[in-house]
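Nothing in this text is a laboratory measurement; each read-out follows from the coordinates by a stated rule. Because the structure is predicted, anything quoted here is derived from the model rather than measured. Because the Cβ atoms are built from the backbone with ideal geometry, glycine has one as well, and the counts that use them run over all protein chains shown.
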Amino acid sequence: MRQNRSIPNSTIIPVLTYPDVRAAVAWLEAAFGFTERLRTGESHRSQLSVGDGAVIVADDGAERRPPAGAGVTHSVMVRVDDVDAHCTRARAAGVRIVMDPTDFEFGERQYSAEDLAGHRWTFSQTLADVDPEAWGGIVVPRPGS
């Protein structure tokens, strides 16, 4: 893949809409430890880094709207080294924790949170390398393999 310094170097980059881009950036940095890497205008868009991943914070306008009403339309998963420490930081920043850190049979410890605009985030720490078939997962073979 060709490199471009104007876009994060990640294969998948969620673009999430917020009513106030600057407030969202400050909140995501304080609550989840993200780092702003590039700003487009003062309040149009911002690119944030986390580990080797990225997310773009976009203003609402045109077709873009932040979550509204009940229900979850999406969730962004972020892998971290220490879920408990991450959750403690988020809680101290006033984040609404939706699910406390929980161990799952597929080898991950996760917690879920909701951000200031209603976006759902799941943070995941790998505890063990577990064969998917051990918990009922089905590995789908790739064509030609």
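Among 143, 86, 68, whose Cα projects farthest towards the positive end of the dipole of the chain, with charges put on the beta-carbon of Lys, Arg (+1) and Asp, Glu (-1)?
68
Treating the beta-carbon of each Lys and Arg as +1 and of each Asp and Glu as -1, no other charges, what is the dipole magnitude of the chain about its Cα centre, to the nearest 20 debye? Kindly include the intermediate steps, with their values, before the conclusion.
Values: 15 positive and 20 negative charges, 133 e Å.
The calculation lands at about 640 debye.
Can you show me the helix-derived [θ] at 222 nm for the chain, built from DSSP H runs with n ≥ 4 at -39,500 (n - 2.57) apiece and divided by the number of residues, rounded to the nearest 500. Spell out each step's value before the answer.
Values: 2 runs with 22 residues, N = 145.
Helix-only estimate at 222 nm: -4500 deg cm²/dmol.
When the chain is modelled as a GNM with alpha-carbon springs shorter than 10 Å, which of 82, 129, 103 fluctuates the most?
Greatest mean-square fluctuation among the candidates belongs to 129.
Considering only 98, 72, 55, give the residue with the highest GNM mean-square fluctuation for the chain, with springs between Cα atoms whenever their separation is below 10 Å.
Maximum among the listed residues: 72.
Taking the Cα centre of segment 1-54 as origin, sum charge times position over the Cβ atoms of Lys and Arg (+1) and Asp and Glu (-1), and report the length of that vector in debye to the nearest 20. Mind dumping the intermediate values first?
Numbers: 6 positive and 5 negative charges, 50 e Å.
Using only the charged Cβ atoms, the result is roughly 240 debye.
I'd like the trypsin sites (Lys or Arg not before Pro) in segment 1-86 restricted to DSSP loop residues with at most 16 other Cβ atoms within 10 Å, sorted by number.
Details: sites: 2, 5, 22, 37, 39, 45, 64, 79; in loops: 2, 5.
Qualifying residues, ordered by number: 2, 5.
How many angstrom lie between the Cα centre of segment 8-49 and the Cα centre of segment 77-99?
Between the Cα centres of segment 8-49 and segment 77-99 lies a distance of 18 Å.
Which one of 16, 28, 38 has the biggest mean-square fluctuation once the chain is modelled by GNM with Cα springs under 10 Å?
Fluctuation is largest for 38.
Quick one: go through segment 89-127 and flag any residue whose amide nitrogen is under 18 Å from the point 7 Å out along the Cα-to-Cβ line of residue 23.
Only 93-96, 114-120 pass the distance filter.
When the Karplus curve 6.51 cos²θ - 1.76 cosθ + 1.60 is applied with θ = phi - 60°, which whole-Hz ³J(HN,Hα) does each residue of segment 13-27 get, with x for Gly and Pro?
10, x, 10, 10, 9, 9, x, 9, 4, 5, 5, 5, 4, 4, 5
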